[in-house]
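Novice: One structure, as C-alpha coordinates, below. Some questions next.
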Amino acid sequence: MTTNIPRETKKIYITGEINDTLANEIQLMLLNEGSTIAPLRMIINSKGGSVYPALGIIDVMDLASYPIETECDGIAAGTAAIILAMGEKGHRYAHMDSRIVIMYAKSSQEDNAAVIGEIRKLNKEMISILANHTNKTEKEICIAIEKAKGELYMTAKEAKSFGIVDEILD
(Lines give C-alpha, C1' and ligand atoms only; values in the text may rest on other atoms or scores of the structure.)
Protein backbone atom coordinates (compact mmCIF):
# COMPACT_ATOMS: atom_id res chain seq x y z
CA MET A 1 0.00 0.00 0.00
CA THR A 2 1.34 3.41 -0.91
CA THR A 3 0.44 6.69 0.70
CA ASN A 4 0.77 10.13 -0.74
CA ILE A 5 2.89 12.09 1.67
CA PRO A 6 2.82 15.79 0.74
CA ARG A 7 6.20 17.15 -0.20
CA GLU A 8 7.49 20.29 1.42
CA THR A 9 6.57 23.52 -0.30
CA LYS A 10 9.49 24.77 -2.39
CA LYS A 11 10.35 28.46 -2.22
CA ILE A 12 11.58 30.96 -4.77
CA TYR A 13 12.64 34.43 -3.66
CA ILE A 14 12.07 37.52 -5.76
CA THR A 15 14.20 40.23 -4.21
CA GLY A 16 15.55 43.43 -5.63
CA GLU A 17 14.87 44.80 -9.09
CA ILE A 18 12.94 42.69 -11.57
CA ASN A 19 15.20 42.66 -14.62
CA ASP A 20 16.15 40.26 -17.42
CA THR A 21 18.64 38.30 -15.31
CA LEU A 22 16.27 37.77 -12.38
CA ALA A 23 13.36 36.94 -14.70
CA ASN A 24 15.43 34.33 -16.56
CA GLU A 25 16.41 32.69 -13.26
CA ILE A 26 12.81 32.67 -11.99
CA GLN A 27 11.45 31.34 -15.30
CA LEU A 28 13.99 28.50 -15.32
CA MET A 29 13.14 27.60 -11.74
CA LEU A 30 9.42 27.59 -12.53
CA LEU A 31 9.89 25.53 -15.69
CA ASN A 32 12.14 23.04 -13.88
CA GLU A 33 9.35 22.29 -11.42
CA GLY A 34 7.54 20.63 -14.33
CA SER A 35 5.37 17.87 -12.96
CA THR A 36 5.68 18.61 -9.27
CA ILE A 37 2.49 18.16 -7.26
CA ALA A 38 3.64 20.21 -4.30
CA PRO A 39 2.91 23.92 -4.25
CA LEU A 40 5.68 26.38 -4.92
CA ARG A 41 5.80 29.61 -2.92
CA MET A 42 7.21 32.82 -4.41
CA ILE A 43 8.35 35.11 -1.60
CA ILE A 44 8.50 38.70 -2.85
CA ASN A 45 10.41 41.68 -1.48
CA SER A 46 10.85 43.89 -4.52
CA LYS A 47 10.22 47.46 -5.61
CA GLY A 48 9.42 46.07 -9.07
CA GLY A 49 11.32 46.80 -12.21
CA SER A 50 11.07 46.29 -15.95
CA VAL A 51 7.69 45.31 -17.37
CA TYR A 52 8.94 42.94 -20.10
CA PRO A 53 10.86 40.62 -17.74
CA ALA A 54 7.89 40.65 -15.34
CA LEU A 55 5.56 39.64 -18.19
CA GLY A 56 7.89 36.70 -18.86
CA ILE A 57 7.53 35.56 -15.25
CA ILE A 58 3.75 36.05 -15.43
CA ASP A 59 3.53 33.99 -18.64
CA VAL A 60 5.40 31.07 -17.06
CA MET A 61 3.23 31.33 -13.93
CA ASP A 62 0.16 31.04 -16.18
CA LEU A 63 1.57 27.89 -17.80
CA ALA A 64 2.44 26.14 -14.54
CA SER A 65 0.55 22.91 -13.90
CA TYR A 66 1.19 23.11 -10.16
CA PRO A 67 -0.05 25.63 -7.58
CA ILE A 68 2.01 28.77 -7.13
CA GLU A 69 1.50 30.57 -3.84
CA THR A 70 2.74 34.14 -3.44
CA GLU A 71 3.83 35.99 -0.33
CA CYS A 72 4.86 39.61 0.19
CA ASP A 73 7.57 39.93 2.81
CA GLY A 74 8.41 43.64 2.83
CA ILE A 75 7.31 45.37 -0.35
CA ALA A 76 5.75 44.35 -3.63
CA ALA A 77 5.63 47.40 -5.89
CA GLY A 78 4.78 47.84 -9.56
CA THR A 79 5.48 44.66 -11.48
CA ALA A 80 6.18 42.78 -8.23
CA ALA A 81 2.64 43.61 -7.02
CA ILE A 82 1.21 42.10 -10.18
CA ILE A 83 3.25 38.93 -9.69
CA LEU A 84 1.95 38.83 -6.10
CA ALA A 85 -1.65 39.05 -7.36
CA MET A 86 -0.97 36.21 -9.85
CA GLY A 87 -0.65 33.66 -7.06
CA GLU A 88 -3.23 30.93 -6.68
CA LYS A 89 -6.49 32.32 -5.26
CA GLY A 90 -6.69 31.57 -1.56
CA HIS A 91 -2.89 31.31 -1.34
CA ARG A 92 -1.71 34.90 -1.78
CA TYR A 93 -0.23 36.28 1.42
CA ALA A 94 1.23 39.47 2.83
CA HIS A 95 2.91 40.03 6.17
CA MET A 96 1.16 42.54 8.43
CA ASP A 97 3.79 45.26 7.91
CA SER A 98 4.18 44.72 4.16
CA ARG A 99 3.41 47.39 1.59
CA ILE A 100 1.90 46.73 -1.80
CA VAL A 101 2.10 49.44 -4.47
CA ILE A 102 0.32 49.44 -7.81
CA MET A 103 1.30 52.01 -10.39
CA TYR A 104 1.49 52.82 -14.05
CA ALA A 105 4.59 51.92 -16.04
CA LYS A 106 6.92 54.82 -16.84
CA SER A 107 9.78 55.50 -19.21
CA SER A 108 12.67 57.92 -19.32
CA GLN A 109 11.86 58.47 -23.03
CA GLU A 110 8.42 60.02 -22.56
CA ASP A 111 9.02 62.50 -25.39
CA ASN A 112 9.06 59.67 -27.95
CA ALA A 113 5.60 58.99 -29.49
CA ALA A 114 6.35 55.30 -30.13
CA VAL A 115 7.45 54.82 -26.52
CA ILE A 116 4.35 56.60 -25.23
CA GLY A 117 2.16 54.29 -27.33
CA GLU A 118 3.96 51.19 -26.05
CA ILE A 119 3.69 52.38 -22.43
CA ARG A 120 -0.06 52.87 -22.86
CA LYS A 121 -0.37 49.31 -24.22
CA LEU A 122 1.71 47.91 -21.36
CA ASN A 123 -0.32 49.80 -18.76
CA LYS A 124 -3.54 48.49 -20.27
CA GLU A 125 -2.16 44.93 -20.21
CA MET A 126 -0.96 45.20 -16.60
CA ILE A 127 -4.29 46.69 -15.45
CA SER A 128 -6.11 43.87 -17.24
CA ILE A 129 -3.96 41.27 -15.44
CA LEU A 130 -4.70 42.93 -12.10
CA ALA A 131 -8.42 43.04 -12.84
CA ASN A 132 -8.41 39.32 -13.68
CA HIS A 133 -6.78 38.49 -10.34
CA THR A 134 -8.46 40.93 -7.95
CA ASN A 135 -12.02 41.88 -7.06
CA LYS A 136 -11.73 45.17 -8.98
CA THR A 137 -12.61 46.11 -12.54
CA GLU A 138 -10.10 47.73 -14.89
CA LYS A 139 -11.92 51.03 -14.46
CA GLU A 140 -11.85 50.78 -10.64
CA ILE A 141 -8.12 50.04 -10.70
CA CYS A 142 -7.40 53.00 -13.00
CA ILE A 143 -9.49 55.34 -10.85
CA ALA A 144 -7.70 54.17 -7.69
CA ILE A 145 -4.24 54.71 -9.24
CA GLU A 146 -5.19 58.11 -10.67
CA LYS A 147 -6.71 59.20 -7.36
CA ALA A 148 -3.36 58.29 -5.72
CA LYS A 149 -1.53 60.42 -8.32
CA GLY A 150 -0.02 57.43 -10.14
CA GLU A 151 1.18 55.28 -7.23
CA LEU A 152 -1.31 53.56 -4.92
CA TYR A 153 0.38 52.50 -1.68
CA MET A 154 -1.52 49.88 0.33
CA THR A 155 -1.07 48.21 3.68
CA ALA A 156 -1.55 44.44 3.83
CA LYS A 157 -5.14 44.99 5.00
CA GLU A 158 -5.84 47.39 2.14
CA ALA A 159 -4.29 44.95 -0.36
CA LYS A 160 -6.54 42.21 1.01
CA SER A 161 -9.59 44.43 0.60
CA PHE A 162 -8.44 45.29 -2.95
CA GLY A 163 -8.14 41.57 -3.74
CA ILE A 164 -4.40 41.41 -4.35
CA VAL A 165 -3.82 39.10 -1.37
CA ASP A 166 -6.11 36.67 0.44
CA GLU A 167 -4.54 36.35 3.88
CA ILE A 168 -2.41 38.43 6.20
CA LEU A 169 0.44 36.75 8.07
CA ASP A 170 1.58 37.88 11.51
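The values are calculated or read from the model by the stated rules, or taken from the named source; none is laboratory data. Every value quoted in this text rests on a predicted model; they were computed, and no experiment measured them. Heads up, the Cβs are rebuilt from the backbone with ideal geometry, glycines too, and the neighbour counts pull from every protein chain shown. We work out accessible area using only protein heavy atoms, side chains counted, and drop any ligands, DNA or RNA first. Shrake-Rupley method; radii C 1.70, N 1.55, O 1.52, S 1.80 Å.
Novice: Tally up the carbon and sulfur contribution to the accessible surface of the chain as a whole percent, 1.4 Å probe, everything protein left in place. Let's see the in-between values first.
Specialist: Numbers: 4830 of 9480 Å².
For the chain, the apolar C and S fraction of the accessible surface comes to 51 percent.
Novice: While we're looking at this one, here's another question. Residue separation times 0.36 nm, minus the C-alpha to C-alpha distance between Ala64 and Glu118: what's the value? Before the final figure, lay out each step's value.
Specialist: Details: separation 54, 0.36 × 54 = 19.44 nm, distance 2.76 nm.
Stretched out fully, the Ala64 to Glu118 stretch lengthens by 16.7 nm.
Novice: Can you give me the distance in nm between label points at Tyr13 and Lys157, each placed 7 Å from the Cα along the Cα-to-Cβ direction?
Specialist: For the pair Tyr13/Lys157, the computed spacing is 3.0 nm.
Novice: If you don't mind, another one. Mind jotting down the three principal axis lengths of the range 42-164 based on Cα atoms? Whole angstrom, largest first.
Specialist: So the extents along the principal axes, rounded to whole Å, are 40, 32, 24.
Novice: Would you calculate a helix-derived [θ] at 222 nm for the chain, using -39,500 (n - 2.57) for each DSSP H run of n ≥ 4 and dividing by the full residue count, to the nearest 500? Provide the component values of the computation, followed by the final result.
Specialist: Values: 6 runs with 72 residues, N = 170.
Value at 222 nm, helices only, nearest 500: -13000 deg cm²/dmol.
Novice: Additional query: Report the antiparallel proportion of the DSSP beta bridges in the chain as a percent, rounded to a multiple of 5. Show your work: numbers first, answer last.
Specialist: Numbers: 5 of 27 bridges.
Of those bridges, close to 20 percent are antiparallel.
Novice: Same structure, new question: Would you check the chain for Lys pairs whose C-alpha atoms are within less than 14 Å, ignoring same-chain pairs closer than 8 in sequence, and give me the count?
Specialist: On the way: Lys47/Lys106; Lys89/Lys160; Lys106/Lys121; Lys106/Lys124; Lys106/Lys149; Lys124/Lys139; Lys136/Lys160; Lys139/Lys147.
Within the chain, the lysine pair count is 8.
Novice: May I ask for the angle, rounded to the nearest 10°, between helix 138-147 and the longest principal axis of the chain, with both axes built from Cα atoms and the value confined to 0 to 90°?
Specialist: 60 degrees
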